[in-house]
Amino acid sequence: MSSKEFEINGTDYRIVLTEQVIGHINNLKNLYNAAYEDPESFDDVSTEISNTINEIASTVEPPAEDSDLDGLIQEIIKAVDHKAEEIEKELEGKEKPAKKSKVKSKK
């Protein structure tokens, strides 16, 4: 869990990236992809997109202004993606222990 701060339109916002927030962001990205891949489905997913954005916005301090929501959500998505990259790099480092080279001696 980590806390992130963003400045959007002159207002400083803070959010704690909990598992729930990360889950909402990942769900939102999936909804965006679904709407992009099938524009006809946008009407079907637009309510869910709006609800998910409101869920994410409810975790931000101070409460987000409607005019700041787009920029705020974009910054939170970037923060979640960055956090995922950090975790992935950390896991890669643990999975690849240094291998000792074996040299066979000839007799």
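The values are calculated or read from the model by the stated rules, or taken from the named source; none is laboratory data. Bear in mind that the values here come from a model prediction, so they are computed numbers and not experimental data. Surface areas here come from the heavy atoms of the whole protein model, side chains and all, with no ligands, DNA or RNA. Shrake-Rupley method; radii C 1.70, N 1.55, O 1.52, S 1.80 Å.
Excluding same-chain residues fewer than 8 positions from K94, which aspartates and glutamates have a Cα within less than 18 Å of its Cα?
E85, E86
Which label marks the calculated value of Rg and Dmax of the Cα atoms in Å, given the options (i) 20.3, 78; (ii) 15.9, 49; (iii) 14.2, 42?
Read-out from the structure maps to (i).
At a 1.4 Å probe radius, which order do F42, F6 fall into by accessible area, largest first? Before the final figure, lay out each step's value.
Working: F42 100, F6 25 Å².
From most accessible down to least: F42, F6.
I'd like the carbon and sulfur percentage of the solvent accessible area for the chain, probe radius 1.4 Å, heavy atoms only, ligands and nucleic acids excluded.
On the way: 3970 of 8270 Å².
Using a 1.4 Å probe with all protein chains present, the chain comes out at 48 percent carbon and sulfur.
Keeping every protein chain present and rolling a 1.4 Å probe, give me the accessible area per residue for the chain in Å². Intermediate values should be presented prior to the final figure.
Values: 8270 Å² over 107 residues.
Spelled out: the 1.4 Å probe surface of the chain, per residue, equals 77 Å².
How far, in nm, would the chain grow between A34 and E19 when pulled straight, counting 0.36 nm per residue and subtracting the alpha carbon separation? Numbers along the way, then the final one.
Working: separation 15, 0.36 × 15 = 5.40 nm, distance 2.24 nm.
The A34-E19 span can extend by a further 3.2 nm.
Show which aspartates and glutamates lie in cross-link reach of K83 when reach means a straight Cα distance below 17 angstrom and same-chain residues fewer than eight apart are skipped.
E5, E19, E75, E92
Would you grab the residues whose amide H sits under 5 Å from the one on L17? Only those 5+ places off in sequence or on another chain, please, with H modelled 1.01 Å from N.
Under 5 Å from the amide H of L17: S2, S3, K4.
Please list E86, E5 from largest to smallest accessible area, probe radius 1.4 Å, with all protein chains kept in place. Could the numbers behind the result be given before it?
Working: E86 90, E5 140 Å².
Highest to lowest solvent-accessible surface, that is E5, E86.
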